[in-house]
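Written out below as structure tokens is the structure these notes cover.
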Amino acid sequence: MIERLIPAGLVGGLLACAADAPPLPLDAHSLARPDHVRVQHVSLDLALDFSGERVHGRATLTLDRSDPAAPLILDSYRLQIESVRAEDGSERQWALGEDRGRLGRALTIQLEDGDREVSVTYASGEDAEALQFLTPAQTDGGQQPFLFTQGQAILTRSWIPLQDSPAVRVTYDATIRAPRGLTVLMSANSRNGPTPVLEEAPGSGSSDLWRFRMDHPIPSYLIALACGELASHDVSERCAIIAEPGVLAAAAAEFADVERMVQSAERLFGEYRWGRYDLLVLPPAFPYGGMENPTLTFLTPTAIAGDQSLVSIIAHELAHSWSGNLVTNATWDDFWLNEGFTVYFERRIMEALYGSDRANMERLLAWQGLEQEIQQLEPWQTVLHIDLGDHHPDDGFSGVPYNKGALFLRRVEECVGRAALDRVLGEWFDAGAFEARTTDQWRLFLLDAFPDLQSKMDLDEWLTAPGLPADAPRPQSSALSKVDDQLLRLREGTHPADLDCSDWATSQWLRFLNGMPEGAGAQTMAQLDQTFGFGETGNNEILFAWLRLAIQERYSAMDDRLEQFLMTIGRRKYLKPLYEQLCATPEGRARAEAIYERARPGYHAVSAISLDSIFDGE
Ligand code: BES
Ligand code: ZN
């Protein structure tokens, strides 16, 4: 839970934005008042301090002042503010407001007439949620430390003082000082190589300056940085795979289709507008599967399976270059506009590149997962246009905005036809390019394009009611039906070695493991392991499903494998279910607590915060 920050009288008020654009609602997750003074450009001059685990330096903000009497209000989370100065170097008064928990504190800066720019000198504080500093032991190379940032949803305020709302877009430039030998990358369309810093203070070690520019206006959650020992492999003129040197060959082979994916996406949704599309494979502590930082998608190394079977993550992050990065959810209540559209597009790209059998398997697996998840969630969390109220955006994070969101578009497709929907989606992206949009705006846009849509699908139910509407189009997959046939045979006593499962794809194995009956028992598990070698698989999706089942069926031969997994991989999507499954029994819980105590320091704050609730919960 977070505390509400907007004065009661303003809740539900409207924030004026660009003159010709419709007004946007106030963002309950930002303390900023961009309706009074709006930040347009952020210029960063920062040093990365690995030993102090902080960044420090200056952020210079260019302002658009629609209310000349109003102060500038920024978001900040545990930032150590040193001073605020105007363009001529004279100081400006500033104050940090009340501590609002994970929302942070408002930084209010008194402006004088004529101030068009202010510079904040600051350092990030302890437990900056956006920053994860990794020890060399957490990297593949084992020699150098690593740093990456994660901005979404409201974490950027923990390393940059700015207006941390998805409805406020900025361009940015950055000069970053980093230890020599490490590479710095940012989500920028211009990235210059290192310039040596000549005059060093004695004993400070040598460092390089790296320069970046992002000329397209982006929301703050997409400002991203990574620094470590990195190497790069060009796939095409505009696409490269970047990873630690020891991971690069495997990553480059796995993601070799990236240029083909961009071309396929362009055919579907129109020109790719960001210049480069590079993939940065991070160390395994990265808490997400992927993050769509513009020009530079951040990726988990767990997506490397050896057979390109998990590349739907790339299709997904790439699709965000339209849904999310070009047209952005105006508030975190509209998060489904980012993720639901993106999952819909992800599957369209997968279909175009790898055929409808593969896409339909992924659709049906997601449907099955969604049905189960809806049972576990509170009703308010299953509404597409969610009302987060006083909740942190993370409390609304589930498969609902993703997969119910994608089903919404599948249902529209069913009603109006694919060609018509594609045309309208293209128009949506063109009309809203580099702007924020609300769910209500989408609804109006859709009804304008298809005036009789409401008679075919109940838009109110889809957008505002909990659960899955009865007309949600259930995906069909004969490949997954074959798996269900074999599951039935297994249940009837057939030995795993006699099952008919040659040439199964990853999605089929996932269906198999997820469809295993509860109470199969350790003996069946041992037979399965001997026959299929699940414990040895290099495919982390399969391994995850297997480990979860192993905990449930008390198959203790997997204990070491599980512990190793929990100690090295930081992906929240895997960690949470595994710890939850462990906590289902008292012995398992004791084991989970012991592992968690050792593993937690290596987890990113977003994973650690989610997991703490499992252990503090009871
Ligand atoms: N933008 C999300 C990740 C995210 C969402 C971070 C909300 C913080 C807050 C990203 O595009 C995403 O959805 N990643 C998925 C992978 C995808 C294939 C479904 C993930 O990390 O699991
Ligand atoms: Zn996404």
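Only residues that are among the aromatic types (F, W, Y), away from ligand 2 (no atom under 16 Å from the Cβ) and under 30 Å from K482 (Cα atoms) were counted across the range 365-406, and they come to 1.
Looking across the range 236-265, the residues that are under 22 Å from the mean Cα position of the chain (by Cα), more than 11 Å from V281 (Cβ to Cβ) and not small (G, A, S) come down to C239, D257, V258, E259, M261, V262. When the residues of the range 305-314 are filtered to those that are more than 8 Å from ligand 1 (Cβ to nearest atom) and without any contact (Cβ under 8 Å) to a residue 60 or more places away in the chain, the one that is most open to solvent (accessible area, probe 1.4 Å) is Q308.
Residue under question is Q523, and the condition is that it be loosely packed, with under 14 Cβ neighbours inside 10 Å and either under 23 Å from L299 (Cα atoms) or touching a residue at least 60 places away in the same chain (Cβ under 8 Å) (or both); does it hold? Against the criterion (loosely packed, with under 14 Cβ neighbours inside 10 Å and either under 23 Å from L299 (Cα atoms) or touching a residue at least 60 places away in the same chain (Cβ under 8 Å) (or both)), Q523 does not qualify. A single member of L230, L222 is at pLDDT 95 or above, under 22 Å from the mean Cα position of the chain (by Cα) and within 16 Å of ligand 1 (Cβ to nearest atom), and it is L222.
Quick check: is even one residue across the range 79-89 open to solvent by less than 20 Å² (accessible area, probe 1.4 Å) and touching a helix residue (DSSP H, G or I) at 6+ places or on another chain (Cβ under 8 Å)? Yes, the conditions are met somewhere in the range 79-89. With respect to the conditions (1) out of contact with any Pro (no Cβ under 8 Å at 6 or more places or on another chain); (2) open to solvent by less than 30 Å² (accessible area, probe 1.4 Å); (3) hydroxyl-bearing (S, T, Y), Y288 falls short on a single one, namely (2). On the basis of being away from ligand 2 (no atom under 16 Å from the Cβ) and in contact (Cβ under 8 Å) with a residue 60 or more places away in the chain, does L337 make the cut? Considered against the rule, which asks whether it is away from ligand 2 (no atom under 16 Å from the Cβ) and in contact (Cβ under 8 Å) with a residue 60 or more places away in the chain, L337 comes out as no.
Restricted to the range 289-313, and to residues there that are more than 12 Å from the chain's Cα centre (by Cα) and assigned to a helix (DSSP H, G or I), the residue that is farthest from ligand 2 (Cβ to nearest atom) is P301. Would you be able to say whether some residue in the range 101-111 is in a loop (DSSP other than H, G, I, E, B), open to solvent by 10 Å² or more (accessible area, probe 1.4 Å) and either at pLDDT 95 or above or under 30 Å from F565 (Cα atoms) (or both)? Within the range 101-111, one or more residues are in a loop (DSSP other than H, G, I, E, B), open to solvent by 10 Å² or more (accessible area, probe 1.4 Å) and either at pLDDT 95 or above or under 30 Å from F565 (Cα atoms) (or both). Residues of the range 289-304 that are in contact with a helix residue (DSSP H, G or I) (Cβ under 7 Å, 6 or more places away or on another chain), closer than 25 Å to W509 by Cβ and near ligand 1 (Cβ under 9 Å from one of its atoms): G289, G290, A303.
The residue pairs whose first member lies in the range 218-247 and is closer than 26 Å to P179 by Cβ, whose second member is open to solvent by 10 Å² or more (accessible area, probe 1.4 Å) and within 16 Å of ligand 1 (Cβ to nearest atom), and whose beta carbons are closer than 8 Å, counting only pairs six or more residues apart or on different chains, are L222/Q152; A243/P301; V247/P301; V247/I304.
In the range 264-276, the condition of being more than 26 Å from W442 (Cα to Cα) and at pLDDT 95 or above is met by at least one residue. Scanning the range 491-520 for residues that are without any contact (Cβ under 8 Å) to a residue 24 or more places away in the chain and open to solvent by 40 Å² or more (accessible area, probe 1.4 Å) gives E492, G493, D498, D500, S502, D503. Taking the stated definitions as given, is E414 farther than 30 Å from K576 by Cβ, acidic (D, E) and surrounded by fewer than 20 Cβ atoms within 10 Å (Cβ to Cβ)? It is true that E414 is farther than 30 Å from K576 by Cβ, acidic (D, E) and surrounded by fewer than 20 Cβ atoms within 10 Å (Cβ to Cβ). In the range 133-153, the residue that is farthest from L46 (Cα to Cα) out of those that are open to solvent by 10 Å² or more (accessible area, probe 1.4 Å) and within 19 Å of the chain's Cα centre (by Cα) is A153.
Every test in (1) more than 14 Å from ligand 2 (Cβ to nearest atom); (2) touching a His at 6+ places or on another chain (Cβ under 7 Å) is passed by L409 save one, and that test is (2). Across the range 330-340, what is the total count of residues that are within 11 Å of ligand 1 (Cβ to nearest atom) and in contact with a strand residue (DSSP E or B) (Cβ under 7 Å, 6 or more places away or on another chain)? Total meeting the criteria: 2. Taken together, E362, E351, E317, E346 contain a single residue that is closer than 19 Å to Q476 by Cβ, at pLDDT 95 or above, in a helix (DSSP H, G or I) and within 11 Å of ligand 2 (Cβ to nearest atom), which is E346. A single entry from E244, E259 fulfils the requirement of being more than 28 Å from A436 (Cβ to Cβ) and in contact with a Cys (Cβ under 6 Å, 6 or more places away or on another chain): E259. Candidates are the residues of the range 333-356 that are open to solvent by 10 Å² or more (accessible area, probe 1.4 Å) and of a type in the set (F, W, Y); the one that is nearest to D27 (Cα to Cα) is F335.
With respect to the stated conditions, S478 is surrounded by fewer than 13 Cβ atoms within 10 Å (Cβ to Cβ) and at negative phi. Counting only residues that are of a type in the set (G, A, S) and either part of a strand (DSSP E or B) or near ligand 1 (Cβ under 10 Å from one of its atoms) (or both), the range 320-329 holds 2 of them.
When the range 248-265 is filtered for residues that are among the hydrophobic types (A, V, I, L, M, F, W, C) and open to solvent by less than 30 Å² (accessible area, probe 1.4 Å), the ones remaining, listed by number, are L248, A251, A252, F255, V258, M261, V262, A265. Considering L296, L326, the condition of being open to solvent by less than 10 Å² (accessible area, probe 1.4 Å), in contact with a strand residue (DSSP E or B) (Cβ under 6 Å, 6 or more places away or on another chain) and either among the hydrophobic types (A, V, I, L, M, F, W, C) or modelled with pLDDT of 95 or more (or both) is satisfied by L296 alone.
Candidates are the residues of the range 143-200 that are in contact with a strand residue (DSSP E or B) (Cβ under 7 Å, 6 or more places away or on another chain) and within 16 Å of ligand 2 (Cβ to nearest atom); the one that is nearest to F133 (Cα to Cα) is Q150.
Scanning the range 266-285 for residues that are of a type outside the set (G, A, S), open to solvent by 10 Å² or more (accessible area, probe 1.4 Å) and in contact (Cβ under 8 Å) with a residue 12 or more places away in the chain gives R267, L268, F269, Y272, R273, R276, P284.
The values are calculated or read from the model by the stated rules, or taken from the named source; none is laboratory data. The structure displayed is predicted, hence computed values, not measured ones. We place every Cβ from the backbone using ideal geometry, glycine too, and count neighbours over all the protein chains shown. For accessibility, only protein heavy atoms count, side chains too; no ligands or nucleic acids. Shrake-Rupley method; radii C 1.70, N 1.55, O 1.52, S 1.80 Å.
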